[in-house]
Amino acid sequence: MMSSQASNAPDHYGESFNAASLEEMCGYDLEIAQEVIAEYLETAPSLLAKIGGAVGSGSAPDLTLNAHSLKGSSRTIGAEAMAQICLQLEMAGKQETLSETPTLLRYALQEWDRLQPQLSAYLAKEAA
């Protein structure tokens, strides 16, 4: 099951950032939405690094924990593509089937490269 999904490019995972989803989750409170995005921008790189370390060392428990954390925060901000990739990483860790995790990690990093500028642009737009 995972092999067919892992072969997809990151843009096949869905939308990088859904601002409407974030705004609804925050009760349409712009200040809260900005705080949530700022926190995500601060914590996501560290979680991605920990996921990378877990993939490199073959640590299924660390992969599961960190992918789960990034999946949840990604869903919170409306970053569904990142959440879907992290779900696959989390499941790989839980099932201890790590053979496709280097590819999934690459997809997560590519998705971060797509997502981060969108989040920064959202913060800049809303601050203006």
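Only the coordinates and a few stated rules stand behind these numbers; no lab work does. Everything quoted here is computed from the prediction, not taken from an experiment. Neighbour counts are summed over all protein chains in view; Cβ atoms, including those assigned to glycine, are modelled from backbone coordinates with ideal geometry.
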Notebook entry, point to check: Taking the Cα centre of the chain as the origin and placing charges on Cβ (Lys, Arg +1; Asp, Glu -1), which of 47, 30, 72 is farthest toward the positive end of the dipole?
Noted result: 47
Checklist line | the chain: projected area of the alpha-carbon convex hull, averaged over directions, in nm² | finding: 7.0
Next item on the list: Give, rounded to the nearest 20 debye, the magnitude of the charge dipole that the chain has about its Cα centre when Lys and Arg contribute +1 at Cβ and Asp and Glu contribute -1 at Cβ.
Entry: 440
Next item on the list: Work out the P(r) tail for region 53-125: percent of alpha carbon pairs separated by more than 21 Å, whole number.
Entry: 25
